[in-house]
Amino acid sequence: MSRPILHKHHIIPKHAGGTDDPSNLIYLTVEEHAEAHKILFEQYGRWQDELAWKGLLKLVTHDEAMIRSMKPNLGKTFSDEHRMRISRSLKGHSVPEETRKKISDTRKQKNIKPVGYERTEEIRIKMSNSAKKRVKLLCSCGKLVDAANLARWHRSCS
């Protein structure tokens, strides 16, 4: 019989001020780890615990988790204390020139456009035609949305 894979879980999560001190760490199976974050989410309502719980159970994709983890910070202003904590956490984390060059080269290869770039009229027409072919469903909030986006963006409506 094989041993289950164990995850390291912070009793007080790092996003809630916990540390890597051994007294703050326990080892749990994936299911137990997910359940621990679900309980923390239900108790404190922190989005980080919700993403951890749903991510561990693969209820959200990695990409969706990344997008959702960035949303709470969009346009947010941080206190001086918080900015200092971020600054201290980044001290000593310099990116080597070789890595910077690799990132630059990758962006050039993929022809990554800056946010908000202009689309040609031909591309706009193709996107519009593609959108018209998608299956639409009526959400409980009353909006008509693409079936693919219903679960992603209207999960909390019902």
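The values are calculated or read from the model by the stated rules, or taken from the named source; none is laboratory data. Predicted model only: the values in this text are computed from it and were never measured. Cβ atoms come from the backbone with ideal geometry, glycine included; neighbour counts cover every protein chain shown.
Please enumerate the residues belonging to segment 1-31 that are in contact (Cβ under 8 Å) with a residue 24 or more places away in the chain and over 19 Å from Ala65 (Cβ atoms).
The answer is Pro4, Ile5, Thr29.
How many of the residues in segment 135-153 are over 25 Å from Lys54 (Cβ atoms) and either in contact with an Asp or Glu (Cβ under 9 Å, 6 or more places away or on another chain) or among the acidic types (Asp, Glu) (or both)?
The number of residues fulfilling the criteria is 1.
Among the listed residues Ile103, Ile123, Ile112, which satisfies the condition of being more than 25 Å from Lys38 (Cβ to Cβ), among the β-branched types (Val, Ile, Thr), modelled with pLDDT of 85 or more and not in a strand (DSSP E or B)?
On the way: Ile103 fails: modelled with pLDDT of 85 or more; Ile112 fails: modelled with pLDDT of 85 or more.
Only one candidate passes the filter, namely Ile123.
Identify, by number, the condition in (1) closer than 29 Å to Ser2 by Cβ; (2) basic (Lys, Arg); (3) part of a helix (DSSP H, G or I) that Lys58 doesn't meet.
Only one criterion in (1) closer than 29 Å to Ser2 by Cβ; (2) basic (Lys, Arg); (3) part of a helix (DSSP H, G or I) is unmet by Lys58, namely (3).
Hey, any hits in segment 63-80 for a residue that's loosely packed, with under 15 Cβ neighbours inside 10 Å and at pLDDT 85 or above? Let's see the steps before the verdict.
Of all residues in segment 63-80, those loosely packed, with under 15 Cβ neighbours inside 10 Å come to 63, 66-67, 69-80.
After this cut, where a residue has to be at pLDDT 85 or above as well, the list is 80.
Yes, segment 63-80 contains a residue that is loosely packed, with under 15 Cβ neighbours inside 10 Å and at pLDDT 85 or above.
Cβ contacts < 9 Å: first residue on the phi < 0 side of the Ramachandran plot, restricted to segment 133-158; second residue of a type in the set (Asp, Glu), any location; separation 6+ or different chain. Result?
Arg134/Asp146; Val135/Asp146; Lys136/Asp146; Leu137/Asp146; Arg152/Glu64
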